[in-house]
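See below for the structure under consideration.
We did not get these values from a lab; they are worked out from the coordinates using the rules stated. Please read these numbers as outputs of a predicted model, since none were measured by experiment. All Cβ positions, even for glycine, are placed from backbone atoms using ideal geometry, and neighbour counts span all protein chains on display.
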Amino acid sequence: MTVTNSESPFNKINKFFRGELLPLLADLRLAILLLLAIALFSISGTVIEQGQSVAFYQSNYPEHPALFGFLTWKVILIIGLDHVYRTWWFLSLLILFGSSLTACTFTRQFPALKAARNWKFYQQPRQFEKLALSAELETSSLNSLLPELQKRSYLIFQEGNSLYARKGIAGRIGPIIVHASMLIILAGSIWGGITGFVAQEMIPSGQTFQVRNIVDAGPLGAAQVPRNWGVKVNRFWIDYTPEGGIDQFYSDLSVVDKQGKEVDRQTIYVNKPLRYQGVTFYQTDWGISAVKFQFNNSPVFQLPMAQLDTNGKGRIWGTWIPTKPDLSEGVSLITKDLQGTLLIYDVTGKLVSTVRTGMTAEVNGVKLKILEVIGSTGLQIKADPGIPIVYAGFGLLMLGVIMSYISHSQIWALETDGKLYFGGRTNRAQVAFEREIIEVLQQLKTSSSQTNTAESLV
């Protein structure tokens, strides 16, 4: 009768995890390789514009000639370089790097901390020979050593004629905190990539809107889009320099609930966004949406203005205003900014007049008065729930780095056969530790000589 001892699937998996997978994940070379890959793709996400339209990439990354010989709009869209931080492969790199950090923490850092917390007494003089710093004193004792170590904030353990002392255990905890903080940063980045979104809106002054034009979002990003409140653009205006250039543009925004009640109000400009319930509104662009005008004593009319194609030679907006009810005659109105200067052209393309806001011009037998040029604000709207987590991780990272610079110093002593054997080691700041050891030895020799002098006088 033959008995076979088959191993359970659970034991096989456990053996594979501990024997092969865990050492592979904890390999420092793998961690460095993953970190370099994450840094490389992060740089590409900074250099290549994110979340733009297909037409944008076709215009800026054509196939002929291809950038660097291979980077075209098709490559960018297929690989996902237009939304690097939300691609499955980038998130997979973050998860794999986090797994490597976790494996390294449990296989190296925790055992190192456990070894540092345990104390071991030296019982034989030969054990001191392996220490980088050691000494043999014939006239000192453990009792004279204790106060010197206490003055230097050592934690002391004593058993009979043996002594062990240590300080700076925080230096061993520091690397663990660094690893934990990096895991928190990775978790925040992954959570932000999954749940965040980016939207863009161009809203005329006076209108209320809800975020709808989503240009990039994670798998759970739709849940972060605000549904129970909107934003009203009370006013948009531009400050110009004396030379006529744009100095700054502003948007007076109000956050309103479903009933239209204002719950928050702020004026935003470039580098000063509006933040509300985890959603941030940035001032990024502007445009001209409409013009208000009047014929003679007629009611006030409003017509939209569209941006015209200038082949990259500047931005201008225009509209056509009929001057007869049957639309048989009219004029074209052109402007380039919100300073109020408008150009009026007839049907033949001839410049008829130049007017400013509040002025009147006679065209086709009627008086045309320009009342207002209505601007529109370009907003970029972002939500990234992972940002607080990332900030907390960076704060913890700074703490861990500071703790990692604390030296973990250990000292052993043994009193036997009328001699005191003394030695120690440290993991960093070797020169400072050597000076400390020398000072302790000098104090021991001084106190020993004073004791011998006192005994001889007696």
So which helices of the chain fit the span-like rule, where a helix is a whole DSSP H run, its Cα atoms reach 27 Å or more along the axis, and its mean Kyte-Doolittle is at least -1.0? 28-47, 170-195, 430-457
Tell me which of TYR391, LEU24, GLY318 sits at the most positive position along the dipole axis of the chain, charges placed on C-beta atoms (Lys, Arg +1; Asp, Glu -1). LEU24
Just name one of PHE281, GLN207, GLY423: the one whose Cα is farthest towards the positive end of the charge dipole of the chain (beta-carbon charges, Lys/Arg +1, Asp/Glu -1). GLY423
Percentage relative contact order, the chain, counting C-alpha pairs under 8 Å, at least six apart: 19
Restricting to lysines and to Cα separations under 30 Å from LYS369, and discarding same-chain partners fewer than 8 apart, the set is LYS232, LYS292, LYS313, LYS324, LYS336, LYS350
Normalised by the residues of the range 9-110, what does the relative contact order come to in percent, with Cα pairs under 8 Å and at least six apart? 41
How many nm separate the modelled label positions at GLU362 and MET202, each set 7 Å beyond the Cα in the direction of the Cβ? 3.7
Tell me the label only: which of (i) 342; (ii) 233; (iii) 164 is volume of the Cα convex hull per residue in Å³ as calculated from this structure? (i)
At a threshold of 8 angstrom on Cα-Cα distance, excluding pairs fewer than six apart, so keeping six or more, what relative contact order does the range 165-255 reach in percent? 22
Which value, in debye to the nearest 20, describes the size of the charge dipole of the range 9-110 about its Cα centre when Lys and Arg Cβ atoms bear +1, Asp and Glu Cβ atoms bear -1, and nothing else is charged? 520
Each label sits 7 Å from Cα toward the beta-carbon; between ASP346 and THR139 the label points are separated, in nm, by 12.0
With each pseudo-label sitting 7 Å past Cα toward Cβ, what's the GLN150-LEU327 distance in nm, one decimal? 10.0
Placed amide H near SER140: partners under 5 Å, 5+ positions off or other chain: LEU420
Dipole in debye (nearest 20) - the chain, about Cα centre, beta carbon charges: Lys, Arg +1; Asp, Glu -1: 700
Using 1/(1 + (r/R0)^6) with R0 = 25 angstrom and r between the beta carbons of PHE68 and LEU96, what's the FRET efficiency to the nearest 0.05? 0.40
From the phi angles alone, apply the Karplus equation (6.51, -1.76, 1.60; θ = phi - 60°) to the range 264-279 and give each ³J(HN,Hα) in whole Hz, x where the residue is Gly or Pro. 7, 8, 8, 9, 10, 8, 4, 6, 9, x, 9, 10, 8, 6, x, 10
Quick query: amide H of VAL331 versus all other amide H atoms, modeled in the peptide plane; which residues come in under 5 Å with a sequence gap of 5 or more or a different chain? ILE321, THR323
What list of ³J(HN,Hα) couplings, whole Hz, do you get for the range 352-357 from phi and the Karplus terms 6.51, -1.76, 1.60, once you set θ to phi - 60° and write x for glycine and proline? 8, 7, 10, 10, 10, 4
Calculate, in whole percent, how much of the Cα-Cα pair population of the range 9-110 lies beyond 17 Å. 62
Rank the residues ARG315, ARG227 as a footprinting-exposure proxy: fewest other Cβ atoms within 10 Å of their Cβ go first. ARG227, ARG315
So, counting K/R as plus one and D/E as minus one, what does the shell of residues with Cβ under 14 Å around VAL279 add up to? +1
Can you find, among PRO242, ALA170, MET182, the residue sitting farthest towards the positive end of the charge dipole of the range 162-269, where Lys and Arg contribute +1 and Asp and Glu -1 at Cβ? ALA170
Within the range 164-182, backbone nitrogen closer than 16 Å to the virtual label 7 Å beyond the Cα of LEU399 toward Cβ: 170-182
Over the chain: helical MRE at 222 nm, DSSP H runs n ≥ 4 each giving -39500 (n - 2.57), nearest 500: -11000 deg cm²/dmol
If VAL233, VAL47 are placed from fewest to most neighbouring beta carbons inside 10 Å, the sequence is VAL47, VAL233
Residue-ordered couplings for the range 323-334, obtained by feeding phi - 60° into the Karplus form 6.51 cos²θ - 1.76 cosθ + 1.60 and rounding to whole Hz (Gly and Pro as x), are 9, 10, x, 7, 6, 7, 9, x, 9, 9, 10, 10
Collect residues whose amide H, placed 1.01 Å from N in the peptide plane, falls under 5 Å from the amide H of ILE288; neighbours closer than 5 in sequence don't count. SER376
